[in-house]
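Chemist: I have a structure I would like to understand better, so I am pasting it below and will then ask my questions one at a time.
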Amino acid sequence: MVEGWRRAALWGMLAAKICGGWGVTWDIQWHVRIGRDSFWIPPHVLTYAAVAALVALSLRTLARETLLTRRGRSTPGSLRVFGLVGTRGTHLAWWGGAIIVLAAPVDDLWHRLFGLDVTLWSPPHLLGLLGSQVNSVGCLLLAVESYPPGHPARHLALLLGGTTLFGTFHLLLGTSILWAYQQGGLAFFLYPLLGSLFLTVALVPVARLSGSRWAPALTVALAAVIALVGGGVERAGFALFEPVPAIEEALAEDPSSTIATAYRMARENGTPVVSYTGRPRSIAWAFLPALVLSLADARRRPVVGSFAFAGAYLAIVSWSLAHMPALQPSLPRAPEILAGLVLVLAAGALGGGLGRALGWRLAPRSA
């Protein structure tokens, strides 16, 4: 019975995280195209409904196991933290959800004080993303705790949990393209540097925990499919609610904002304004590098594989960014290219080491 509740909570949280991810990417696009008219815009409602589900599922599981323990029933693998009894994975999932909930009022206050989004990297956004990652790590651990090695459900749950971990890290990358546009030179390499560091932290543990050589490539492919579906949700939402754009007034009030910069860059590129976060095309940039990581076998050679991931990712991202008209006037020169190459490769090796440490901490006895 306890195992059944844990599994139900795991799958419920994974479903909620996917829906919440769709809400976040829709919210970003809402800010870009419409502006922010209130906290209760539809993408916020979708996002925080998903957060409420995360919190309810994890807390319900902890409360149930706490009650069973008080009645003298056995709850294998559980530990008590602050009076609540549950597995390590359930506790982490609950703490992650609590951090996201804490970030919500901070985010609302931030916007009341500063108006239009300054950056995705604002303190309340980063706090919410941190909570999401803690919850994702909890889901990975709960999958290991709930299913034996080799079980198909364990493998799928790990892929989905890894996809949410990968997807949240990927959201952080988009703003760095705007930095490259504004700063030029060495800032051109900030996107592949952050990707090589953070994405490998997500992909390496999934390979170790699942025991599958191809888990990194499958994780990125699954993330791209989920992003495609999320794009459909976004388009359907805009068609359904038909929000009235107020972005021009907001841009006029703060022409130095990140969104205003995105509009200037889009005009120079001759394309519609995009957020560069959570889009299928930019996720696809990571597929071939993830395939390289899989071929190197991240289970056994995580640092070497991540180093190779970084090299492939740098080549693909640099080629893609260099073809953007807005970035061409400020492309890096030879010394900056050499420095960027060294930094990106070092970031990949560091990400592989961190991913190996995370995988070992989650399940030291995994095959």
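Chemist: Count, please, the residues in the stretch 313-325 that happen to be surrounded by fewer than 20 Cβ atoms within 10 Å (Cβ to Cβ) and either in contact with a helix residue (DSSP H, G or I) (Cβ under 9 Å, 6 or more places away or on another chain) or not in a helix (DSSP H, G or I) (or both). Reasoning before the result, please.
Modeler: If we filter the stretch 313-325 for residues that are surrounded by fewer than 20 Cβ atoms within 10 Å (Cβ to Cβ), which is where we start, we get 315-316, 319-320, 322-325.
Checking which are either in contact with a helix residue (DSSP H, G or I) (Cβ under 9 Å, 6 or more places away or on another chain) or not in a helix (DSSP H, G or I) (or both) leaves us with 315-316, 320, 322-325.
Counting residues in the stretch 313-325 that are surrounded by fewer than 20 Cβ atoms within 10 Å (Cβ to Cβ) and either in contact with a helix residue (DSSP H, G or I) (Cβ under 9 Å, 6 or more places away or on another chain) or not in a helix (DSSP H, G or I) (or both) gives 7.
Chemist: Within the stretch 245-269, how many residues turn out to be of a type outside the set (Ser, Thr, Tyr) and in contact with an Asp or Glu (Cβ under 8 Å, 6 or more places away or on another chain)? Can you show your working first?
Modeler: Step one: filter the stretch 245-269 for residues of a type outside the set (Ser, Thr, Tyr), giving 245-255, 259-260, 262, 264-269.
Cutting the leftovers down to in contact with an Asp or Glu (Cβ under 8 Å, 6 or more places away or on another chain) gives us 246, 259-260.
Result for the stretch 245-269: 3.
Chemist: Can I ask one more? Quick test of your reading of the structure: Pro123 fulfils all but one of (1) of a type outside the set (Ser, Thr, Tyr); (2) touching a Lys or Arg at 6+ places or on another chain (Cβ under 9 Å); (3) farther than 17 Å from Leu218 by Cα. Name the failing condition by number.
Modeler: (2)
Chemist: May I ask you to verify whether His31 is assigned to a helix (DSSP H, G or I), touching a helix residue (DSSP H, G or I) at 6+ places or on another chain (Cβ under 7 Å) and free of Cβ contacts under 8 Å to residues at least 24 places away in the same chain?
Modeler: No; evaluated as a whole, the condition is false for this residue.
Chemist: Being within 24 Å of His111 (Cα to Cα), of a type in the set (Val, Ile, Thr) and within 21 Å of the chain's Cα centre (by Cα) is the filter here, so list the residues in the stretch 251-296 that pass it.
Modeler: Thr258, Ile259, Val274, Thr277
Chemist: Identify the residue in the stretch 109-153 that is touching a residue at least 40 places away in the same chain (Cβ under 8 Å) and aromatic (Phe, Trp, Tyr) and, among all such residues, is farthest from Pro76 (Cα to Cα).
Modeler: The selected residue is Trp121.
Chemist: Somewhere in the stretch 7-18, is a residue charged (D, E, K, R) and modelled with pLDDT of 95 or more?
Modeler: There is at least one residue in the stretch 7-18 that is charged (D, E, K, R) and modelled with pLDDT of 95 or more.
Chemist: Something else about it: Of all residues in the stretch 40-79 being within 30 Å of Ala239 (Cβ to Cβ) and of a type in the set (Val, Ile, Thr), which is surrounded by the fewest Cβ atoms within 10 Å (Cβ to Cβ)?
Modeler: Val45
Chemist: Let me ask you something else. Restricting attention to the stretch 10-38, which residues are of a type in the set (A, V, I, L, M, F, W, C) and farther than 16 Å from Leu59 by Cα?
Modeler: Ala15, Ile18, Cys19, Trp22, Val24, Trp26, Ile28, Trp30, Val32, Ile34
Chemist: Moving on. Quick one: what pairs do we get from the stretch 61-84, first residue within 19 Å of Ala8 (Cα to Cα), second at pLDDT 90 or above and of a type in the set (Asp, Glu), C-beta under 7 Å, 6+ apart or different chains?
Modeler: Note: pairs meeting the criteria are Thr75/Glu65; Gly77/Glu145; Ser78/Glu65.
Chemist: Name the one entry in Gly97, Gly89, Gly12, Gly23 that is under 30 Å from Ala252 (Cβ atoms), assigned to a helix (DSSP H, G or I), small (Gly, Ala, Ser) and in contact with a helix residue (DSSP H, G or I) (Cβ under 7 Å, 6 or more places away or on another chain). Steps first, please.
Modeler: Working: Gly97 fails: under 30 Å from Ala252 (Cβ atoms); Gly89 fails: under 30 Å from Ala252 (Cβ atoms); Gly12 fails: under 30 Å from Ala252 (Cβ atoms).
Exactly one residue qualifies, and that residue is Gly23.
Chemist: If we scan the stretch 323-335, do we find a residue that is more than 19 Å from the chain's Cα centre (by Cα) and of a type in the set (Lys, Arg)?
Modeler: Keep residues of the stretch 323-335 that are more than 19 Å from the chain's Cα centre (by Cα), which gives 323-335.
Next, only the ones that are of a type in the set (Lys, Arg) stay: 333.
Within the stretch 323-335 (the criterion being more than 19 Å from the chain's Cα centre (by Cα) and of a type in the set (Lys, Arg)), the answer is yes, since at least one residue qualifies.
Chemist: Any idea which residue in the stretch 223-250 is nearest to the chain's Cα centre (by Cα), counting only those that are among the acidic types (Asp, Glu) and more than 26 Å from Thr168 (Cβ to Cβ)?
Modeler: Residue satisfying both the conditions and the ranking: Glu242.
Chemist: Test Val85 against the stated conditions and say whether it is over 26 Å from the mean Cα position of the chain (by Cα), among the β-branched types (Val, Ile, Thr) and modelled with pLDDT under 95.
Modeler: Yes.
Yes/no per residue for (1) crowded, with 20+ Cβ neighbours inside 10 Å; (2) of a type outside the set (D, E, K, R):
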{"position": "Ser132", "(1), (2)": "yes, yes"}
{"position": "Ser146", "(1), (2)": "yes, yes"}
{"position": "Ser176", "(1), (2)": "yes, yes"}
{"position": "Gly184", "(1), (2)": "no, yes"}
{"position": "Arg213", "(1), (2)": "no, no"}
{"position": "Val229", "(1), (2)": "no, yes"}
{"position": "Val233", "(1), (2)": "no, yes"}
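Chemist: Out of all the residues in the stretch 184-211, which are closer than 23 Å to Leu14 by Cα and free of Cβ contacts under 8 Å to residues at least 60 places away in the same chain?
Modeler: The answer is Ser210, and nothing else.
Chemist: Can you tell me how many residues within the stretch 270-311 are over 15 Å from Gly195 (Cβ atoms), of a type outside the set (A, V, I, L, M, F, W, C) and surrounded by fewer than 17 Cβ atoms within 10 Å (Cβ to Cβ)?
Modeler: Result for the stretch 270-311: 7.
Chemist: Further question on the same structure: It is to be established whether one or more residues within the stretch 279-293 are among the small types (Gly, Ala, Ser) and either at positive phi or without any contact (Cβ under 8 Å) to a residue 40 or more places away in the chain (or both).
Modeler: No: the stretch 279-293 contains no residue that is among the small types (Gly, Ala, Ser) and either at positive phi or without any contact (Cβ under 8 Å) to a residue 40 or more places away in the chain (or both).
Chemist: Another one. So in the stretch 347-365, with the set limited to residues that are at pLDDT 95 or above and of a type in the set (A, V, I, L, M, F, W, C), which one is farthest from Pro302 (Cα to Cα)?
Modeler: If we take residues in the stretch 347-365 being at pLDDT 95 or above and of a type in the set (A, V, I, L, M, F, W, C), then Ala347 is farthest from Pro302 (Cα to Cα).
The values are calculated or read from the model by the stated rules, or taken from the named source; none is laboratory data. Because the structure is a prediction, the values reported are computed rather than measured. Methodologically, a virtual Cβ is constructed for each residue, glycine included, from the backbone with ideal geometry; neighbour enumeration extends over all protein chains shown.
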